Amino acid sequence: MAPIQAVFQVLSRNLKCMSAKNRTVSGALGGLIGFVGMSAIAGVLVTVAVTPALALSGMAATNTINVFENLPDYLAIDQLAQKSNIYATRDDGSTGLLASFYDQNRVEVAWDSISPFVKDAAIAGEDPRFYEHGGVDLQGTVTGLVTTIASGSARGGSSITQQYVKNVLVQKCEALTDEKKRTVCYDAATETSPDRKLKEMRFAIGVEKKYAKDDILRQYLNITGFGGTVYGIEAAANYYYNTTAAALTLPQAASLVAIVNNPVKFQLDYPDSETNGAANGYAANKQRRDYILGEMLRYKKITQADHDAAVAAPIEPVITEPSTGCTTAGTSAYFCDYVTKILQTDVTFGPDEETRLANFRRGGYNVYTTIDLDLQNAAVATMNENVPKTYDGWDVGSVITSVQVGTGRVLAMTQNKNYTQVDGTDPSATAVNYNTDINQGGSRGFQPGSTYKVFTLGEWLTEGHSLNERVDSRRKSDWGTFKDSCLGPQSFPGYNPKNDANESGTNYSALESTIGSINTGFIGMAKKLDLCGIRKTAENFGVHRADGDPLEQGASAVLGTNEIAPLSMAVAFAGIANNGITCSPVAIDRITGPDGKELAAPKSDCKQSVDPAVDAGMTYAMQRVMTEGTATASNAGTSPRVPMIGKTGTTDGNKDTWMSGASSKVATVVGVVSVTGDINQRQVDFPTGTAATARHRMWPAVMSVANARYGGDAFAEPPTKVLQAVQIPIPDLRGKSMADARSTLESAGFSFADGGVTDSEMPAGTVARTDPAGGTTAGRGSTVTVFSSNGSQVIVPDVVGKTEAEARAALKGFAVKKTDQDVTDPKQVGTVLSMTPAAGSGSAPGGEVTIVVGKLGAVPKDKG
């Protein structure tokens with residue numbers, strides 16, 4: 001024990017010298033070494049204590065001081081890891097917690113928010129001389145260090161400041177995202193060695209120079225671990241006793257401080273533990289708690305009565321699991337999941353996805369979201385009522401997404417599954433968000449069917465066509481060549497789409513095609529457009545494939561075969577409802593940091609997608625869909641009713657069904673889909689009706705709440721040029737070949753229809769006539785029916801002005817019938833005045849021709 005005695009001799013001599021020379025520096029003598037002079041004493045003492053070989057070798061004290069003094073004493077105190085929260089905001093401004101995220105469950109609190117019982121218990125139990133020493137309690141440290149050297153394992157004796165330093169160093173390691181670096185750092189910060197202890201002491205002295213004692217104690221209580229992922233006294237109070245750090249009772253405070261000494265041994269959340277469980281009254285913790293209570297009594301922090309009552313109090317933890325992860329967001333879990341994916345892409349939280357998520361989980365952020373709880377609750381309720389989570393023989397999925405018009409704020413998001421963070425074998429649960437893109441936790445998207453037709457309508461009007469312009473809408477297996485300015489001319493042999501209700505019209509207008517969702521009408525419209533232009537119009541409204549690939553732009557894409565996330569379609573319909581201005585989706589209204597200051601939240605990017613006049617034409621047609629077209633069921637079920645637009649969609653085989661629409665305030669997309677496989681929804685019955693019509697029960701339920709909360713304004717009226725087709729003259733095609741006739745008509749802006757063969761005097765195979773006739777006018781895009789001649793007729797010669805004899809000679813081969821007409825002009829007597837059929841027209845050989853010949857009439861009598 002000679003080295004120990006030598007240590008205390010050095011301690012005694014140096015403390016006496018320092019106290020004699022500089023009492024004003026350290027105050028009371030109890031070994032205060034928080035200043036430079038005392039650091040030197042600590043250097044001598046610690047060096048002698050931890051390196052006996054140096055002491056025995058007779059190394060000068062100044063050398064040992066230099067060893068210690070050359071260690072760094074500045075310790076940067078980083079922001080503590082705290083849990084981050086995601087909130088919904090209610091109408092009254094109050095917030096509701098959706099979920100919390102953390103690597104360490106910690107809520108940092110101020111000095112006044114910590115019970116005095118906690119502070120006194122910590123000092124009495126961990127560092128009774130805390131307010132007397134300058135960072136290192138020499139008496140406790142020497143005993144601990146010598147034991148460490150003798151046994152090779154660490155022993156207690158560290159001051160609260162030293163424990164705080166160690167925790168800070170560990171926290172720095174925890175903040176590293178590289179696992180290898182984090183492990184190396186952690187090992188260095190926690191290794192059992194005199195070297196680590198020496199550095200810890202040096203840092204402790206530096207901390208004491210910079211921070212007041214109360215601040216060190218506060219930070220210690222906020223940083224220290226209380227078992228598992230529970231860090232800091234506030235989280236510990238919440239978790240173990242369902243209370244706050246400020247409201248802890250004396251026995252509660254002592255039992256929590258007891259955990260700090262050995263969290264694994266003393267934590268209170270293993271009631272089945274044989275050594276520290278409910279059956280034995282948490283004996284291990286109670287033993288340590290009662291020791292702390294005894295120390296508090298010894299140092300006069302509590303009275304004997306307080307002590308006795310606290311010792312008699314049973315340990316009765318009230319374990320309160322903290323909210324962690326989106327699972328706790330309940331029916332808003334998929335929206336919560338979407339928010340977390342946004343945070344991973346927000347540069348506010350770091351340069352890359354891994355760093356962002358780590359920073360969010362550690363950073364103490366509060367994220368206030370856009371979700372409207374009333375609208376969300378309506379969506380969840382109608383989803384639960386109308387679509388089951390599972391269905392035998394069918395991988396059924398269903399989605400509802402609502403977006404605020406003009407802001408892009410996501411107001412509601414739900415689906416027919418229970419949320420889970422990892423997909424398993426439960427068919428009623430999934431980690432996949434059906435509403436969003438694959439890089440936002442979503443699927444690869446779903447075909448939106450005919451709801452996608454609105455983009456062809458937008459391109460149609462953008463190119464100067466009108467709603468009442470007609471196209472060739474006949475079903476055909478070869479639609480010929482389509483224009484594609486991006487990929488070059490395209491043809492799709494064998495592509496032969498039919499209409500859902502087997503409509504057989506041959507000449508639908510754009511308006512009729514929209515109201516009735518006529519497939520052949522839209523293919524006919526696309527035939528007059530640029531397929532690349534249609535794709536670009538969709539992209540202008542923010543539409544993109546959910547899997548990140550470019551939008552396909554073939555003929556089938558016109559009818560909605562691209563796989564798109566429902567949220568993208570909701571954003572597009574909100575853009576249509578917003579005078580053609582599309583706003584990218586946002587789910588976060590504001591973010592505050594751990595210091596309460598607001599941080600920049602992701603902003604919506606709004607842009608003009610189509611000209612307002614074009615958009616007015618789109619909303620005009622889509623309102624007609626609601627009132628007289630395929631969406632009347634959704635329109636009828638919505639109350640209160642405001643002006644609304646809409647479009648339905650059904651994919652091949654009725655495997656997916658959609659209802660997408662909007663008021664001027666809120667856009668909502670509802671779908672029932674086949675996640676995998678195929679099924680005919682018209683042949684599936686749910687308790688509330690067929691699967692195919694579930695969309696028309698859910699969409700009104702959501703939009704009724706939206707209309708009641710947000711109202712709705714009238715949509716802009718479209719200009720006449722958007723409604724009415726431009727009138728242009730029909731060319732005279734008689735005598736032309738049928739091929740020339742088609743080319744001439746299509747170049748003039750008409751659609752060509754072959755009317756078949758008819759009797760005509762024109763050469764066989766050439767154009768006999770058209771309907772409407774050449775020389776008249778019709779709306780651009782109208783269909784002109786062209787009839788070809790069979791050559792069966794001959795041309796009737798012109799005999800008007802000839803004598804009767806000359807006329808009969810010219811009409812040889814026709815059956816001539818004569819009719820007289822009185823004339824007063826002698827020159828007209830015996831002359832053909834008119835004829836039927838008219839000269840130049842056709843007639844069958846031997847056909848009847850009537851001529852009218854002048855005859856001198858009676859001379860009127862003179863009445864004078």
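Table for the structure above
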read-out	value
Given (1) under 23 Å from Ala431 (Cβ atoms); (2) in contact (Cβ under 8 Å) with a residue 60 or more places away in the chain, index of the condition Asp372 fails	(1)
Residue in the stretch 512-525 that is under 21 Å from Thr414 (Cα atoms) and among the hydrophobic types (A, V, I, L, M, F, W, C) present	no
Ala741 being over 30 Å from Asn579 (Cβ atoms), over 25 Å from the mean Cα position of the chain (by Cα) and either of a type in the set (Gly, Ala, Ser) or surrounded by 14 or more Cβ atoms within 10 Å (Cβ to Cβ) (or both)	yes
Residue in the stretch 832-846 that is without any contact (Cβ under 8 Å) to a residue 24 or more places away in the chain, buried (at least 17 other Cβ atoms within 10 Å of the Cβ) and not charged (D, E, K, R) present	no
Evaluation of Ala526 against (1) buried (at least 20 other Cβ atoms within 10 Å of the Cβ); (2) assigned to a loop (DSSP other than H, G, I, E, B) (one fails), failing number	(2)
Qualifying residue in the stretch 184-194 (condition: part of a loop (DSSP other than H, G, I, E, B), touching a residue at least 12 places away in the same chain (Cβ under 8 Å) and open to solvent by less than 70 Å² (accessible area, probe 1.4 Å))	no
Elements of type helices (runs of 4 or more DSSP H) contained in the stretch 610-726, each with 3 or more residues being open to solvent by less than 10 Å² (accessible area, probe 1.4 Å)	612-628, 695-710
Selected residue (only one of Ser473, Ser477 is farther than 18 Å from Gly629 by Cβ, among the hydroxyl-bearing types (Ser, Thr, Tyr) and either modelled with pLDDT of 95 or more or not in a helix (DSSP H, G or I) (or both))	Ser477
Matching residues, the stretch 230-248, being touching a helix residue (DSSP H, G or I) at 6+ places or on another chain (Cβ under 9 Å), open to solvent by 10 Å² or more (accessible area, probe 1.4 Å) and either more than 16 Å from Asp112 (Cα to Cα) or in a helix (DSSP H, G or I) (or both)	Tyr231, Glu234, Asn238, Tyr241, Ala246, Ala247
The stretch 434-461, subset open to solvent by 10 Å² or more (accessible area, probe 1.4 Å) and in contact with an Asp or Glu (Cβ under 7 Å, 6 or more places away or on another chain), residue farthest from Arg624 (Cα to Cα)	Gly441
Residue among Ser568, Ser604 that alone is under 17 Å from Val669 (Cα atoms) and small (Gly, Ala, Ser)	Ser568
Residue check for Thr561: out of contact with any strand residue (DSSP E or B) (no Cβ under 9 Å at 6 or more places or on another chain) and of a type in the set (Ser, Thr, Tyr)	yes
Whichever residue in the stretch 481-520 is without any contact (Cβ under 8 Å) to a residue 24 or more places away in the chain and closer than 25 Å to Glu552 by Cβ and, among such residues, is least open to solvent (accessible area, probe 1.4 Å)	Gly488
Residues satisfying the stated conditions in the stretch 321-344, i.e. of a type in the set (Val, Ile, Thr) and touching an Asp or Glu at 6+ places or on another chain (Cβ under 7 Å)	none
Members of the stretch 554-565 found to be assigned to a helix (DSSP H, G or I) and either over 17 Å from Asn540 (Cα atoms) or of a type in the set (D, E, K, R) (or both), listed by number	Ser556, Leu559
Helices (runs of 4 or more DSSP H) enclosed by the stretch 283-362 - at least 1 residues per element that are in contact (Cβ under 8 Å) with a residue 12 or more places away in the chain, farther than 20 Å from Leu256 by Cβ and polar (S, T, N, Q)	333-345, 353-362
Of all residues in the stretch 347-368 being polar (S, T, N, Q) and in contact with a strand residue (DSSP E or B) (Cβ under 6 Å, 6 or more places away or on another chain), the one that is surrounded by the fewest Cβ atoms within 10 Å (Cβ to Cβ)	Thr348
Per-region count, the stretch 798-813, residues in contact with a helix residue (DSSP H, G or I) (Cβ under 9 Å, 6 or more places away or on another chain) and either crowded, with 17+ Cβ neighbours inside 10 Å or among the acidic types (Asp, Glu) (or both)	3
Matching residues, the stretch 313-346, being at positive phi and open to solvent by 20 Å² or more (accessible area, probe 1.4 Å)	Gly330
Counted residues, the stretch 566-599 - those being part of a loop (DSSP other than H, G, I, E, B) and farther than 30 Å from Asp547 by Cβ	6
Verdict on Asp754 being closer than 30 Å to Gly524 by Cα, of a type in the set (Asp, Glu) and not in a loop (DSSP other than H, G, I, E, B)	yes
Members of the stretch 785-799 found to be touching an Asp or Glu at 6+ places or on another chain (Cβ under 7 Å), in a strand (DSSP E or B) and over 17 Å from Ala839 (Cα atoms), listed by number	Thr785, Val786
Qualifying residue in the stretch 566-581 (condition: surrounded by fewer than 18 Cβ atoms within 10 Å (Cβ to Cβ) and on the phi < 0 side of the Ramachandran plot)	no
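Results for (1) part of a loop (DSSP other than H, G, I, E, B); (2) buried (at least 22 other Cβ atoms within 10 Å of the Cβ); (3) at pLDDT 95 or above; (4) in contact with a helix residue (DSSP H, G or I) (Cβ under 7 Å, 6 or more places away or on another chain), shown as yes or no for each residue.
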residue	(1), (2), (3), (4)
Asp92	yes, no, no, no
Ala99	no, yes, no, yes
Val109	yes, no, no, yes
Val118	no, yes, yes, yes
Ala121	no, yes, yes, yes
His133	yes, yes, no, no
Val136	yes, yes, no, yes
Gln139	no, no, no, no
Thr143	no, no, no, no
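The values are calculated or read from the model by the stated rules, or taken from the named source; none is laboratory data. Everything quoted here is computed from the prediction, not taken from an experiment. So basically every Cβ, Gly included, is an ideal-geometry build from the backbone, and we count neighbours across all protein chains shown. SASA here: full protein model, heavy atoms, side chains in, ligands and nucleic acids out. Shrake-Rupley method; radii C 1.70, N 1.55, O 1.52, S 1.80 Å.
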